[in-house]
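*Asks:* Here it is: the structure, laid out below.
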Amino acid sequence: MNRATELKRCSKCKQPKPIDAFYRENRSQCKECEREQKKHFRGRIKGKASQALQDSRKARRKAEELTGEPITDELTLIQVVWTLSSAECSYCGKEIPESERSLDHITPMKHGGSNTFDNITCACKCCNASKNDLPAILFLLQSAESREARKLIDGVSLRGHKSFHEAFIELADSAKFYFDKRAEQALRANE
Ligand SMILES: [Zn+2]
Ligand SMILES: [Zn+2]
């Protein structure tokens, strides 16, 4: 049969359509149905993002009450949409279906984080729940993926007779010292 006259049935609208009504020969839905689906998807993400934005404002007010400190809040809807469009969990790295995506504050607002684009990321509901209000770096250190980092800190704490927490703070302080020094050097080089 001539390819131009060949018909293929769309799996969504069930209409037999010519091959060029599909984006690719192997697609099961016609262009029209795929476009409709994308529009629908964008609408859903937007609804989800708008809810997440409202929730983040509520959490910000709660954290302000708790700490008595004002918290920077510059988050916009488009930034939340962008963040939730990512299909990968920032913590376990797994692909997350849209319904399981949630907005996470990398540094929790009650621990000094702000409600801004640089402090949010996409996490699966499971990781978000087990992270709770831990700063992201601590949560990652506790998860199985960071076994090596944990082993290192465990070793330091054992050999130095300190708690895991003390050893971690010590290592974090040395990292801060390193970055402060480099920032200082960069400033001096600019003088
Ligand atoms: Zn169709
Ligand atoms: Zn996850």
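A short reminder: the numbers here are calculations on the coordinates, not readings from a lab. The structure displayed is predicted, hence computed values, not measured ones. For neighbour counting, all protein chains shown are included, and Cβ atoms are generated from backbone atoms with ideal geometry for every residue, glycine included.
*Asks:* List, in order, the whole-Hz ³J(HN,Hα) value for each residue of the range 97-105 obtained from phi through the Karplus relation with A = 6.51, B = -1.76, C = 1.60 and θ = phi - 60°; use x for Gly and Pro.
*Replies:* Working through the residues one at a time gives x, 3, 6, 9, 7, 9, 8, 10, 8 Hz.
*Asks:* Continuing with this model, one more query. Explain nothing, just the number: dipole magnitude of the range 35-79 about its Cα centre with +1 on each Lys and Arg Cβ and -1 on each Asp and Glu Cβ, in debye rounded to the nearest 20. If you can, show how the numbers build up before the last one.
*Replies:* Values: 12 positive and 7 negative charges, 119 e Å.
Its charge dipole is roughly 580 debye.
*Asks:* Give me, ordered by chain and number, the residues 5 or more places off residue 10 or on other chains with an amide H under 5 Å from its own placed amide H.
*Replies:* 15, 17
*Asks:* Among 79, 45, 26, whose Cα projects farthest towards the positive end of the dipole of the range 12-88, with charges put on the beta-carbon of Lys, Arg (+1) and Asp, Glu (-1)?
*Replies:* About the Cα centre, the residue reaching furthest to the positive side is 26.
*Asks:* Charges only on Cβ, +1 for Lys and Arg, -1 for Asp and Glu: so what's the dipole of the chain about the Cα centre, in debye to the nearest 20?
*Replies:* Dipole size: approximately 1200 debye.
*Asks:* Which one, 103, 70, 146, projects farthest toward the positive side of the charge dipole computed for the range 67-191 from Cβ point charges (K/R +1, D/E -1)?
*Replies:* 146
*Asks:* Hey, another quick one. Report, in cubic angstrom per residue, the convex hull volume of the C-alpha atoms of the chain.
*Replies:* Considering the Cα atoms of the chain, their hull volume per residue is 215 Å³.
*Asks:* Let me ask you something else. Find, among the GluC sites (Glu not before Pro) in the range 1-66, those assigned to loop by DSSP (not H, G, I, E, B) with at most 14 other beta-carbon atoms within 10 angstrom.
*Replies:* Loop-located and lightly packed - 6, 25.
*Asks:* Each residue of the range 42-59 in turn: what ³J(HN,Hα) in whole Hz from Karplus with 6.51, -1.76, 1.60 and θ = phi - 60°, glycine and Pro shown as x?
*Replies:* Values per residue, Gly and Pro as x: 4, x, 5, 4, 5, x, 5, 5, 5, 5, 4, 5, 4, 4, 5, 5, 5, 5 Hz.
*Asks:* Right, something else. Take 58, 31 and order them by how many other Cβ atoms sit within 10 Å, fewest up front. The partial results should precede the final answer.
*Replies:* Values: 58 10, 31 15.
Arranged by neighbour count, lowest to highest, 58, 31 become 58, 31.
*Asks:* Full-extension gain between residue 74 and residue 94, please, as 0.36 nm times their residue separation minus the C-alpha to C-alpha distance.
*Replies:* 4.3 nm
*Asks:* Using alpha-carbon pairs under 8 Å, 6+ residues apart, how would you state the relative contact order of the chain in percent? If you can, show how the numbers build up before the last one.
*Replies:* Values: 194 pairs, mean separation 22.8, N = 191.
Computed value for the chain: 12 percent relative contact order.
*Asks:* Would you please classify the overall shape of the range 41-142 from the alpha carbon gyration tensor, given that a ≥ b ≥ c denote the square roots of the eigenvalues, rounded means a/c under 1.5, and beyond that prolate means a/b larger than b/c while oblate covers the rest?
*Replies:* It comes out oblate by the Cα gyration axes.
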